[in-house]
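Right, one structure below, let's go through it.
Just so you know, all these numbers are worked out from the coordinates, no wet-lab data involved. These numbers were taken from a predicted model, which means no experiment stands behind them. Virtual Cβ from ideal backbone geometry, glycine too; neighbours counted across all protein chains shown.
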């Protein structure tokens, strides 16, 4: 059925949790109320990426891009845009201080330097309808894989593409597949790692929510390449929407003869099951993940043997993350040479990042490899919020490092990030400004690693705990110069001796901040000062008596009841005496400075 208009409503987790479900229902109700249900199709898609401005509604064919849409706005979208043909100007994206209204997505700076390969269908199709995926080249590459190419030809096409694993290590995908193909075994397995656990990362979750069939097609293709007939998607249970849409997609694929026995009459069998993870960060490591799928505690084991030779239940196994597999259908449909034209010489294709933190336009982005950090932060991200000064970007999550201003023009690829003291990781990218404290940031990541360490090997178990204790000591103003030497010594030992990459990389945030911001550590140690005011033990709040009018607003808000009026006899000229803060009981929460309307509270 042909429609006059199509309304695409963001159905990602972020928008759904921000009244997106009510918005979708209200749009349908208003369309029914105005009698235009036969003229407009309302579609719930995956994530549009521009999370800062969600919930997002896009109306076709005008390409009108409505942002921060509320359920009550549904009335105007239907009554004005659909019925009367007039855009709702107040809902259109406004660019910068000039408030230039943009109705076309391509005019929005957030999207201008992006190139969508992995996210090609997110925000475009209804992820619960297989026909919409098929209409956009879906499963067309699989036809060649099943009926035209041999295993060797398929792997050669992957080699031409230059695709490298997007889970962090950047290992050539074709080589991993070829090793498993050549491995001896009566059964082989394909595992999709959808257990992303980096703070601030949601690339894999959004990809599955918006385009689950791309993962299924990628896994079937991988199965054909290595001679496997069974796949598993290992996904954390905290992703209910992604799991729901993946289950729907699996049922549809089976109904269409794309999964199960004798796929499309090709003689090739392949099926997929879902395994739920409990949210352990260490299970992102492939051997720990395998143990978890087997029903055991997720703990890494020494390598070799590598999973390609001896993996799940001792059988040859390949593990690719969501983003890697989502690239595969494009390669098989358009050819490896098509993807190889994108990116740099050694890092082909695109990379998806979750751009978060102190940036104006946060969200899910996809850029060609080789795009600079400056382009991502200042062109796509719109720069730093509140006009603050850029401090750095944490890439690679707890395993990565902080890139500073001197690295803004470094091309983002596997080799460049490593050379500059960080790593690609799965794609988390947290932007920091001048108000962030590197000691506090390092402490946060180390707390995370201490909690997530499986405890199997002593370099990681003991090393992370010792580094955390030293960072806490420095944050409290009790550190000494020798502590910095200890941080480096312990970090180097962990890197060399830990069993898996969690321990080998856990010290990276600390080590990179020591290299790039050593003066801040020294300020904490020598001056007992935290320039950002994030280390509570090193800050204090006091009240400027001349400015205080004695209203007592700060005292009423103080959770510790440590703000009391001064002795009135000391201030005979004041109607009400000023207040003072009892430093012993002060929690350093800052509620007093927020409450005071007369700027009488001083933070030092």
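Relative to the compact globular guide of 2.2 N^0.38 Å, what is the alpha carbon radius of gyration of region 130-340, as a ratio?
0.93
Tell me the volume per residue, in Å³, of the convex hull enclosing the alpha carbons of region 124-231.
Normalising the Cα hull of region 124-231 by residue number yields 124 Å³.
Compute the orientation-averaged projected area for the chain from the convex hull of its Cα atoms and round it to one decimal in nm².
Orientation-averaged projected area of the Cα hull: 31.4 nm².
Classify region 476-539 as rounded, prolate or oblate, taking a ≥ b ≥ c as the square roots of the eigenvalues of its Cα gyration tensor: rounded when a/c is under 1.5, otherwise prolate if a/b is larger than b/c and oblate if not.
Prolate, because a/c is 1.5 or more and a/b exceeds b/c.
Can you give me the angle between helix 212-226 and the longest principal axis of the chain, using Cα atoms only, in degrees from 0 to 90, rounded to the nearest 10?
60 degrees
Could you give the nm distance between label points at residue 72 and residue 444, where each point is 7 Å from its Cα heading toward the beta carbon?
3.4 nm
Kirkwood hydrodynamic radius of region 350-433 from all distinct Cα pairs, in Å?
About 12.2 Å for region 350-433.
When N counts the residues of region 257-376, how does its alpha-carbon radius of gyration compare numerically with 2.2 N^0.38 Å, as a ratio?
In units of the 2.2 N^0.38 Å rule of thumb, it is 1.36.
Going by average Cβ neighbours within 10 Å, how do the peptides 3-16, 230-243 rank, with the highest at the top?
3-16, 230-243
Would you mind getting me the FRET efficiency between residue 492 and residue 585? Use the beta-carbon distance for r and R0 = 35 Å, nearest 0.05.
0.25
Hey, what's the Kirkwood Rh for region 5-107 if you take every pair of different alpha carbons, in angstrom?
Here the Kirkwood hydrodynamic radius works out to 13.4 Å.
Which whole-number percentage describes the relative contact order of the chain, with Cα contacts under 8 Å and a sequence gap of 6 or more?
Relative contact order, the chain: 11 percent.
Angle check, please: helix 173-182 long axis (alpha carbons) against the longest principal axis of the chain (alpha carbons), in degrees 0 to 90, nearest 10.
So the inclination is approximately 50 degrees.
Pull up the DSSP beta bridges for region 350-433 and report the antiparallel fraction as a percent, rounded to 5.
About 80 percent, rounded to the nearest 5.
Can you give the relative contact order of region 130-340 as a percent, counting alpha carbon pairs under 8 Å and 6+ residues apart?
Relative contact order, region 130-340: 33 percent.
Quote the relative contact order of region 349-463 in percent (integer), defining contacts as alpha-carbon pairs under 8 Å separated by 6+ residues.
Computed value for region 349-463: 27 percent relative contact order.
Order the peptides 333-341, 288-296 from the highest to the lowest mean number of other Cβ atoms within 10 Å of their residues.
288-296, 333-341
For region 438-581, just the Cα atoms, rotate onto the principal axes and tell me the three extents in Å, largest first.
Computed over the Cα atoms, the extents are 69, 28, 19 Å.
How big is D for region 540-603, in µm² s⁻¹ as a whole number, if Stokes-Einstein is applied with the Kirkwood radius of its Cα pairs at 10 °C and 1.306 mPa s?
Value of D from the Cα-based Kirkwood radius: 137 µm²/s.
Where a ≥ b ≥ c are the square roots of the eigenvalues of the C-alpha gyration tensor, would you call region 174-284 rounded, which needs a/c under 1.5, or, failing that, prolate if a/b is larger than b/c, or oblate?
Note, shape of region 174-284 comes out oblate.
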